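Okay, so here's the structure we're looking at.
The values are calculated or read from the model by the stated rules, or taken from the named source; none is laboratory data. Keep in mind that what you see is a predicted model, and the values were worked out from it rather than measured. Positions of Cβ are backbone-derived with ideal geometry, glycine not excepted, and every protein chain shown enters the neighbour counts.
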Amino acid sequence: MKNQLVQTVLACILNLILPAAALGQVTPDVDILLAAIPRLVLNFTYLDLGSEKLRNGDFDGAIADCDQAIRLNSELAEAYSMRGGAKAMKGDLDGAIADCDRAIQLNPKLAEAYSNRGIAKARQSDLDGAIADWDQAIQLNPKLAESYSLRGGAKAMKGDLGGASADCDRAIQLNPKLGYGNRGIAKLMKGDLDGAIADCDRAIQLNPKLVAAYSNRGIAKFRKGDLDGAIADWDQAIQLNPKLAAAAYSNRGDAKAMKGDLDGAIADCDRAIQLNPKLAVAYSTRGNAKAMKGYLDGAIADCDRAIQLNPKLAAAYSNRGIAKFRNGDHNGAIADFNRAVQPRREPVYEQGAASLPLSRVGPNAQLVPVRINGVKSGDVVWRATQHRVNPAVTNPDDFELYGKVLDVVNYYTPPQVMIFRPDTIVEGVTFEDFFTSGKYFLQVEK
């Protein structure tokens, strides 16, 4: 009895037959007993052990147990599925997909195999493929809470915040221990930072080893201006699972850059890229840190790579624009700033234009006073040229085009709204002036 598992199963069988042996009816023989142990019992004993190890974060142990189950029965779909899930958590994404493919081939109705394959696809940035797998898992098993939670997280990342919240609410309804972390993502994307933090707090309370909850809570704290709190959360995410913490390294790098630790920021982004060479935001963040250090060519190269990986990443255009501007390429900077703040609309500024005065807004737009939490990147800002008795009654001739919003920066002291001006200058306006002076207005469609 070399294996403790075999000993346990054998002990159960001995408990059944030893009374008969005592009566002289049978003679126990270990070899015969071992041969008599049903393979099915061993298979599912290994799977039970593997499942427990997977829940406890022992991914290597779970994989080893699944290997044993597959050795006993090479057509056991559940073992391939579980091993795929463990591999996905370890970061062996191709191996995870291959195992789940095999599980589905053996049992096309195994919902968990689709769910685990979805995890691997999501971590390969194939959100559409992941959602399709979770759709199939839910169709096969409408009570599979994990798939609702995972699909909710992916929907949030794609911008379907209503669908994300609905999925996570359903996950919590089915299993109160699931769904809070991913619902936190949806709240984060909606700008409900306190709600996101509360959901992540609850997720961590239920599962103190949930890497994603620390990572997402760090993002919310970062956006609230709590850089030290954000870094602490990302430290914890990295400590829990360094191989799956590419985003945490990248985000921590961003926070370090904001605190002036540019070398630390670059080192974190290097590690993020090593873990996930397709993580566009890590290249963008590293580019920003390099630009702040004066390494302008390196900054531009990093942002080029970020844009190649994700052409919709506004921060990469903004960071590249700043590097180009400092490098003397003002026309290139203007083009990038236009892409950063308004990638899907006609630009306000033309390349080479020193200024672009506009005397009227146009028949399909109007000016409205700015409001806190009502300003976003890409908004066109006008400034009143004279005091208005009634700001709600706006005459476009009394306003000048002031610029476009690049970012609303809560973590500056004091907090500022960064404006890209028509004369190619990036200017910061304090919150107090921007929101309370009554001078600034947004151009909105009627």
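Residues in segment 207-234 that are in contact with a helix residue (DSSP H, G or I) (Cβ under 7 Å, 6 or more places away or on another chain) and free of Cβ contacts under 8 Å to residues at least 60 places away in the same chain: 17 in all. Among the residues making up segment 106-118, a single one is in a helix (DSSP H, G or I) and more than 14 Å from Asp133 (Cα to Cα): Leu106.
Based on what the data block shows, is Ala291 without any contact (Cβ under 8 Å) to a residue 40 or more places away in the chain, closer than 21 Å to Arg421 by Cα and aliphatic (A, V, I, L, M)? Against the criterion (without any contact (Cβ under 8 Å) to a residue 40 or more places away in the chain, closer than 21 Å to Arg421 by Cα and aliphatic (A, V, I, L, M)), Ala291 qualifies.
Answer yes or no as to whether Cys100 is more than 16 Å from Ala120 (Cα to Cα), crowded, with 19+ Cβ neighbours inside 10 Å and not small (Gly, Ala, Ser). The answer is no for Cys100. Each residue in segment 188-235 was checked for being among the charged types (D, E, K, R) and touching an Asp or Glu at 6+ places or on another chain (Cβ under 6 Å), and 1 of them qualify.
Condition test on Ile119, is it of a type in the set (A, V, I, L, M) and modelled with pLDDT of 90 or more? For Ile119, the condition - of a type in the set (A, V, I, L, M) and modelled with pLDDT of 90 or more - is met. For the subset of segment 64-86 comprising residues that are farther than 16 Å from Glu112 by Cα and buried (at least 24 other Cβ atoms within 10 Å of the Cβ), which member is nearest to the chain's Cα centre (by Cα)? Among those that are farther than 16 Å from Glu112 by Cα and buried (at least 24 other Cβ atoms within 10 Å of the Cβ), it is Asp65.
Restricting Lys87, Lys121 to those that are part of a helix (DSSP H, G or I), closer than 30 Å to Gly195 by Cβ and either of a type in the set (Lys, Arg) or in contact (Cβ under 8 Å) with a residue 40 or more places away in the chain (or both) reduces the list to Lys121. Taken together, the residues in segment 432-446 that are surrounded by fewer than 17 Cβ atoms within 10 Å (Cβ to Cβ) and modelled with pLDDT under 80 amount to 7.
Restricting Lys278, Lys324, Lys312 to residues that are within 26 Å of Lys376 (Cβ to Cβ) and either modelled with pLDDT under 85 or in a loop (DSSP other than H, G, I, E, B) (or both) narrows the list to Lys312. The residues listed here are Cys200, Cys269; of these, the one that is within 14 Å of the chain's Cα centre (by Cα) and surrounded by 21 or more Cβ atoms within 10 Å (Cβ to Cβ) is Cys200.
The residues in segment 117-135 that are farther than 18 Å from Asn175 by Cα and surrounded by 20 or more Cβ atoms within 10 Å (Cβ to Cβ) can be counted, and the count is 9. Within segment 281-309, the set of residues being farther than 24 Å from Gly378 by Cβ and assigned to a helix (DSSP H, G or I) comprises Arg286, Ala289, Lys290, Lys293, Leu296, Asp297, Gly298, Ala301. Can we say Gln386 is at pLDDT below 75 and over 26 Å from Gly328 (Cα atoms)? Yes: the conditions hold for Gln386.
Taking segment 203-222 as the search range and keeping residues that are over 16 Å from Arg123 (Cα atoms) and either polar (S, T, N, Q) or not in a helix (DSSP H, G or I) (or both), which one is farthest from the chain's Cα centre (by Cα)? Within segment 203-222, the match that is farthest from the chain's Cα centre (by Cα) is Gln205.
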